[in-house]
Each structure stands twice: as structure tokens, then as C-alpha cells.
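Participant: Here it is: the structure, laid out below.
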Amino acid sequence: MDSTVTLQNAHLRMRVDPQGGTLLDLFSLPHQHAVLRAGKGYAAGDCALFPMLPVANRVADNRFRLHGDEVILPNHNADERFFLHGDGWLKRWDLVSVAGDRCVLQLRSRLACGYDYLAELHYQLDGATLNASLTITHLGERPMLYGCGFHPFFVFDAQSTVQFSASGYWPEDAQHLPLAWQAKIPGAANFAHAQFGEDAWLNVGYSGWSGKAVIQRDVMCITLLAQTPWLMLFRMSGGGFLCLEPQSHPVNAHNMPGQPGLRVLARGESCHFTMQIIVD
């Protein structure tokens with residue numbers, strides 16, 4: 001049975017899948033072209049966009065320390081080593097409200113490691129803009145460390161360029177964890193000036209992001225906005241997509257001094273994250 005919901009206004013159409021809280025597509029009606037790559041939802045990540053929570057990306061050794069205690073994250077089927085992107089993109093959300101151009105989903109999750117939360121996910125079409133917002137409320141008795149973000153797959157071909165500014169970046173190691181931060185960004189990963197880059201694997205995190213990225217395609221211009229200084233970029237040879245992933249914290253912030261961007265939430269406390277995709 002198809003449980004997806006189609007939302008539309010005069011500018012955009014999208015399909016929302018409660019499995020994973022994902023978007024299966026985002027399509028521009030005036031341009032008659034896809035904004036995000038289309039997915040079928042047959043497997044985790046087979047989509048146009050998914051939320052990352054209560055962790056964005058990977059944590060070294062799948063563990064961290066909080067208030068002197070070691071927290072060991074669970075394993076899941078999407079990655080053999082890591083609690084990759086958390087569990088929100090793998091679980092079925094409840095669709096709690098739907099209107100013509102918006103919907104609200106909720107997820108209740110309890111994990112033995114200490115994550116115990118209620119998440120609320122809003123998708124709204126406002127003119128030519130997709131607004132996505134995520135609120136996580138901790139319900140456990142002991143405080144826990146939270147992070148989140150969004151993982152969109154933008155259509156990106158040889159006629160496309162992307163531009164954004166950043167103060168530095170983390171190259172990745174063999175386990176896709178960050179190496180030492182560098183202020184000098186090499187040409188293939190430097191998008192201070194609009195460029196296509198290289199049609200090759202690139203999976204790096206940026207600091208000092210301005211909160212804005214612009215993708216220029218031959219058929220449309222797409223602007224990504226989020227109020228965070230951390231952005232993840234992922235692409236692969238022949239993929240036909242570019243992932244620009246705004247997230248509340250850098251990769252492996254759990255094991256960095258001060259745990260930058262992460263929030264320790266006591267019972268009843270919440271964190272909030274928003275993203276906009278604007279199509280011109």
C-alpha cells in the first residue's frame with residue numbers, strides 16, 4: 001500500500017514518505033525539471049532528502065563521553081561501523097497532519113544508549129521555497145547529547161555549478177571520518193567561486209560556512225539556506241547529484257574539544273533546526 005503523500009502549490013510539487021521522514025522528490029512546475037533527484041524509497045537513502053537525527057553523519061569508534069560516562073551508540077543495517085546519520089532516516093514516522101502544501105510528521109524513538117526523544121518534522125511549500133524544520137525533544141530521565149541536520153540530493157550535471165564560502169574544511173580518512181582541519185581548501189573542494197568541480201568522489205565537511213549555497217543549472221537557480229556554520233558536501237563520480245548537507249555540528253563533534261554545535265538536552269528540553277531550498 002502506498003503511504004506517500006503528494007504536496008503541491010503553483011511552483012513546486014513533492015512526495016513525502018513516512019518511512020524515514022523522507023522526500024522522494026521535489027519538482028519545479030514552472031521549469032518542468034526536478035530540483036532534487038527522485039527516489040523510490042526501496043532502501044535507506046533511496047530518496048531526494050532525509051532528516052539526520054539524533055546524530056548527523058559519523059562518530060569515531062561509534063562512542064563518545066558525556067559527563068564522564070561513555071556512551072556507546074547502537075549499530076544499524078545502513079552502515080557496518082557507525083550509527084550513521086542516527087535512526088530517524090530508518091524508522092517510520094507518523095503523519096499527524098496534511099494540507100495541500102504542507103505536512104507534519106512525528107517520530108518517537110527510545111534507544112538503550114540514552115537517546116529517548118520525540119521528533120517533529122515539518123515540510124512546507126511557500127511559493128517557490130521548500131521550508132523544512134526539525135524539532136527534537138528529549139524525554140529521557142538522564143540528559144543526552146543531540147545533533148541533527150538535513151541530507152538533500154540536488155540534481156547536478158556537467159552544466160551545473162555550485163558556490164558557497166567557508167573558512168576551512170576537514171578532509172576525510174578511510175573510514176569517512178574527518179582528518180585535521182585545514183584553512184587552505186584545495187581547488188577541487190573550493191567553491192568560493194562558482195564551479196562544477198571534479199566528477200569524482202568528494203566527502204568533506206566545511207567550517208565557517210556562510211549559511212548560503214547557490215547551485216546554478218542551465219534550467220534553474222537553487223539557493224540553500226540554513227543558520228549553521230557547518231556544511232557537509234558529498235558527491236561521487238557519475239552520480240548526477242550533489243549533496244549539500246547543513247547540520248548542527250561538524251562530523252565527529254562528539255569527540256572534539258567542547259563538542260561544538262551539539263546540545264545537551266535535559267528532560268523536556270528541545271533543539272530546533274531549519275533549512276530552506278529556494279528555486280528561481
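Participant: Do you know which of the residues in region 133-165 that are surrounded by fewer than 22 Cβ atoms within 10 Å (Cβ to Cβ) and among the aliphatic types (A, V, I, L, M) is farthest from GLY240 (Cα to Cα)?
Facilitator: Among those that are surrounded by fewer than 22 Cβ atoms within 10 Å (Cβ to Cβ) and among the aliphatic types (A, V, I, L, M), it is LEU139.
Participant: Which is touching a residue at least 24 places away in the same chain (Cβ under 8 Å), open to solvent by 10 Å² or more (accessible area, probe 1.4 Å) and under 17 Å from the mean Cα position of the chain (by Cα), of ALA44, ALA38?
Facilitator: So the residue among ALA44, ALA38 that is touching a residue at least 24 places away in the same chain (Cβ under 8 Å), open to solvent by 10 Å² or more (accessible area, probe 1.4 Å) and under 17 Å from the mean Cα position of the chain (by Cα) is ALA44.
Participant: Restricting to region 120-148, name every residue that is hydroxyl-bearing (Ser, Thr, Tyr) and under 18 Å from the mean Cα position of the chain (by Cα).
Facilitator: TYR123, THR129, SER133, THR135, TYR146
Participant: Let me ask something additional. Pick from region 22-76 the residues that are among the aromatic types (Phe, Trp, Tyr) and touching a His at 6+ places or on another chain (Cβ under 6 Å): which of them is nearest to ASP126 (Cα to Cα)?
Facilitator: Applying the filter and picking the extreme gives PHE50.
Participant: Of the conditions (1) surrounded by fewer than 23 Cβ atoms within 10 Å (Cβ to Cβ); (2) at pLDDT 95 or above, ALA78 clears all except one; give me its number.
Facilitator: (2)
Participant: While we're looking at this one, here's another question. Find all pairs meeting these conditions: Cβ atoms under 8 angstrom apart; at least six residues apart or on different chains; first residue within region 236-259 and open to solvent by 10 Å² or more (accessible area, probe 1.4 Å); second residue of a type in the set (S, T, N, Q).
Facilitator: Close Cβ pairs satisfying both conditions: SER248/THR228; VAL251/ASN57; ASN252/ASN57.
Participant: Return the residue satisfying two criteria in turn: it lies in region 198-211 and is surrounded by 15 or more Cβ atoms within 10 Å (Cβ to Cβ) and hydroxyl-bearing (Ser, Thr, Tyr), and of such residues it is farthest from CYS221 (Cα to Cα).
Facilitator: Looking at the filtered set, the residue picked out is SER207.
Participant: Could I ask something else about it? Can you find a residue in region 7-14 that is touching a strand residue (DSSP E or B) at 6+ places or on another chain (Cβ under 6 Å), closer than 15 Å to LEU121 by Cβ, open to solvent by less than 10 Å² (accessible area, probe 1.4 Å) and in a strand (DSSP E or B)?
Facilitator: Yes, that holds for at least one residue.
Participant: May I pose another question? Name the single residue, out of those in region 117-128 being in contact (Cβ under 8 Å) with a residue 24 or more places away in the chain and surrounded by fewer than 16 Cβ atoms within 10 Å (Cβ to Cβ), that is farthest from PRO143 (Cα to Cα).
Facilitator: GLY127
Participant: A follow-up question, please. Filter region 176-197 for residues that are open to solvent by 70 Å² or more (accessible area, probe 1.4 Å) and in contact (Cβ under 8 Å) with a residue 24 or more places away in the chain and give the result.
Facilitator: Correct list: TRP181, HIS193.
Participant: OK, next. Take the residues of region 86-116 that are of a type in the set (Ser, Thr, Tyr) and under 19 Å from ARG142 (Cα atoms): which is surrounded by the most Cβ atoms within 10 Å (Cβ to Cβ)?
Facilitator: TYR115
The values are calculated or read from the model by the stated rules, or taken from the named source; none is laboratory data. Just so we're clear, the structure is a prediction, and the values are computed from it rather than from any experiment. Here the Cβ is made from the backbone with ideal geometry for all residues, glycine too, and neighbour counts use every protein chain on show. What goes into the accessible areas is simple: the full protein's heavy atoms, side chains included, and nothing from ligands, DNA or RNA. Shrake-Rupley method; radii C 1.70, N 1.55, O 1.52, S 1.80 Å.
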